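Please read the structure below before turning to the comments.
The values are calculated or read from the model by the stated rules, or taken from the named source; none is laboratory data. The model shown is predicted, which means the values in this text are computed figures rather than measured ones. FYI the Cβ positions are ideal-geometry reconstructions off the backbone, even for glycines, and counts take in every protein chain you see. Just the protein is used for accessible areas: all its heavy atoms, side chains included, with ligands, DNA and RNA removed. Shrake-Rupley method; radii C 1.70, N 1.55, O 1.52, S 1.80 Å.
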Amino acid sequence: MTSSAACRPLLFLDVDGPLNPFAIHLEALPAEYQVHEMRPDLWADPMLQPLRVCLNPAHGARLLALPAELVWATSWEHDANSWIAPRLGLPELPVVGWPEDLNAHAPADLCWKTPTLLEYAAGRPFAFIDDDITDADRLYAEARCEAPMLFHHVDPAKGLTDADFAVLAEWLGAL
């Protein structure tokens, strides 16, 4: 990693919720979204129906335009590079690895990802977009890290919107 890359803030990306608005009714899905049926490795049981994944291909370019290092922070793990990234026009991205216990020791009101993301960031500024974020995550992180952080909740019935991109751009631009 170059020193300039190490100085860039991280942008932790969740798939289901922000990129795949899984809680949306298909009839309300904006026209720019494409519906895919996927059977990623994490969906190993062949008896299960394929996953319905709705993605907006324009999100890839918008994410790449942000002044941040993009990192997958999703239960999809490496499958995000195989199944999601190509449909958004994203390159292969680094992937946060989750502990086997999924941070079971952490307080129950936290998003299960938060402790691992703090460890991964190792003091670097970061933004985290997810549909499971609450004020408890912000308070937990602020008590453990002094770096600038943005925990941004995305409505899983809408996915990333222009307003979400504006929040990210403003926060990242102010660093």
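Over the chain, calculate the relative contact order: mean separation of alpha carbon pairs under 8 Å at least 6 apart, over the residue count, as a percent.
Relative contact order of the chain: 31 percent.
Using the Cα atoms as the points, what is the convex hull volume per residue of region 1-91 in Å³?
So the per-residue hull volume is 100 Å³.
When the solvent-accessible surface of protein heavy atoms is calculated with a 1.4 angstrom probe, in what order do Cys145, Cys7 fall, highest first?
Cys7, Cys145
Hey, what's the chain come to in accessible area per residue, 1.4 Å probe, Å²?
Here the per-residue accessible area is 50 Å².
Could you work out how far helix 162-174 tilts from the main Cα principal axis of the chain, as a 0 to 90 degree angle to the nearest 10?
20
Using only the Cα atoms of region 58-138, construct the convex hull and provide its projected area averaged over every direction, in square nanometres to one decimal.
5.8
For the chain, give the percent of accessible area contributed by carbon and sulfur heavy atoms, probe 1.4 Å, rounded to a whole number.
55
Placing one identical point scatterer on every Cα of the chain and ignoring solvent, what is log10 I(q)/I(0) from the Debye formula at q = 0.15, 0.16, 0.20 Å⁻¹?
Debye curve over Cα of the chain, log10 I(q)/I(0) at q = 0.15, 0.16, 0.20 Å⁻¹: -0.87, -0.99, -1.53.
How big is the dipole moment of the chain about its Cα centre under a simple scheme where the beta carbon of each Lys and Arg is +1, that of each Asp and Glu is -1, and everything else is neutral? Debye, nearest 20, please.
Charge dipole of the chain: 460 debye, to the nearest 20.
Out of Pro21, Ala127, Cys7, whose Cα points farthest toward the positive end of the dipole of the chain (charges: +1 Lys, Arg; -1 Asp, Glu; placed on Cβ)?
Highest projection toward the positive end goes to Cys7.
For region 30-77, run through the GluC sites (Glu not before Pro) and keep only the ones in DSSP coil with at most 10 other Cβ atoms within 10 Å of their Cβ.
Glu32
GluC sites (Glu not before Pro), restricted to region 98-175: which are DSSP loop and have at most 15 other Cβ atoms within 10 Å?
Sparse-neighbourhood loop GluC sites (Glu not before Pro): Glu100, Glu146.
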